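> Here's a structure for you.
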Amino acid sequence: MRWLPVLYVAALLLLEPATPVEWPVSFVLIALPLVAAFAHGPVVVGGATVFAVVLEGVLAGTPCCAGREVGYLWDRHYVASYICTGLVGVLGTILAAHRVRRERTLADVRFVADIAQRVLLRPVPHRIGHLHLESLYLSADAEARIGGDLYEAVPTRYGVRLLIGDVRGKGLLAVETAAALLGAFREAAHDEPDLPTLADRVETSMDRRAALLGGSESGERFVTAVFAEIPLGEPLIRVVNCGHPPPVRIRSGEVCELDRGRSAPPLNLGVLLGEPYHVDAYSLRPGDQLLLYTDGITETRDAAGSFYPLLQRLRSWCSLPPRELLERLHHDLLEYSGDRLQDDIAALAVRLPADEPAVPPVSPHA
């Protein structure tokens, strides 16, 4: 776009010698200030206006360039062209100044959105204790920057506690709900001794905040989530699933969903259904990797409408560490969807180091 005015003038100069004298194409220079206003500021547009008027005079009254007599320079039609170019230049300068102000405002808004995302979804530490972690967030709306998907990892005296969640709906309401959920989790993760109590406390906080909305929105403001805990010194992971896609364990070419079919209702619906939270424990071995993700990944579609085959893809990436795994997942999702994501995406990858001593699994069914 910045080179468009130059290309515009170059095309005119190539066309001018090829047209009869009676067809002066120099009149198209009237639009040059507006062409410049697409990508340049008011100073450049003003300069382009002066240049356009001068070039119109050159093409109108220079016999060696246009094959016309000098008298054409002050022909009333050319004088009208000079005046119109000047008026259009004034308009283009005003438009360029307005566009520059809007771009600065948009840049400020994006900066604020980036800061809000860092506060709401701050990057997890690359290492917590003996665990290696990486996070991924992709917004379906590139301009929005933030949405209703969320993740968090908190080191506590009980171990490393993880959260992945997806707020129903979109927009500011989803962002506010995600912020409330993350705030409740970050506080309660340090205090509650077990995952069911932690999930119950977070749900209580969500119910309280949802009630402040009133009306029909409070009943629709629910979140699917997975609470997970990797205790210190124990080769296992405990999981409480609240209506969310289960975590995936990646182990030496084996990809397994950690799901025993005992998922609780989403947060803010548990009180209505009255079902308790169930804790499932699964064994971990040195080198195992866990992937917690939102359903935006598995619901990504290709051009034919087929869903993204996450488990199949993960089987060919088993040897990748967390950062490379999420980078490969990121690029593969964009390629699979043709750069058209239908939903927000969040993922959290956790890996145990391979040099940890092996410990027997916690149960024969783990």
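The values are calculated or read from the model by the stated rules, or taken from the named source; none is laboratory data. Just so it is clear, the structure is predicted and the values come from calculations on it, not from any experiment. Cβ coordinates were reconstructed from backbone atoms using ideal geometry, including for glycine residues, and neighbour counts include every protein chain displayed. Surface accessibility is based on the protein's heavy atoms, side chains included, excluding ligands, DNA and RNA. Shrake-Rupley method; radii C 1.70, N 1.55, O 1.52, S 1.80 Å.
> Provide the packing ranking of 307-313, 174-180, 322-328, i.e. peptides ordered by the mean count of other C-beta atoms within 10 Å per residue, highest first.
174-180, 322-328, 307-313
> Suppose we keep just the alpha-carbon trace of the range 271-354; what are its Rg and Dmax in angstrom?
Just the Cα atoms of the range 271-354 yield Rg and Dmax of 15.5, 44 Å.
> Oh, and also: So, for the range 161-213, what is the accessible surface per residue at a probe of 1.4 Å, expressed in square angstrom?
For the range 161-213, the per-residue accessible area is 42 Å².
> Shifting gears a bit: With each pseudo-label sitting 7 Å past Cα toward Cβ, what's the Val54-Arg157 distance in nm, one decimal?
It works out to 7.8 nm between the two label points.
> With label points built 7 Å along Cα→Cβ from the Cα atoms of Arg122 and Asp259, find their separation and express it in nm.
For Arg122 paired with Asp259, the spin-label model returns 3.3 nm.
> Same structure again: What full-extension length gain, to one decimal in nm, is calculated for Thr298 and Leu212 as 0.36 nm per residue of separation minus the Cα-Cα distance?
27.6 nm
> Which ³J(HN,Hα) values, rounded to whole Hz and listed in residue order, are derived for the range 320-328 from phi using the Karplus coefficients 6.51, -1.76 and 1.60 in 6.51 cos²θ - 1.76 cosθ + 1.60 with θ = phi - 60°, glycine and proline given as x?
Running phi through 6.51 cos²θ - 1.76 cosθ + 1.60 with θ = phi - 60° gives 7, x, x, 5, 5, 4, 6, 5, 5 Hz.
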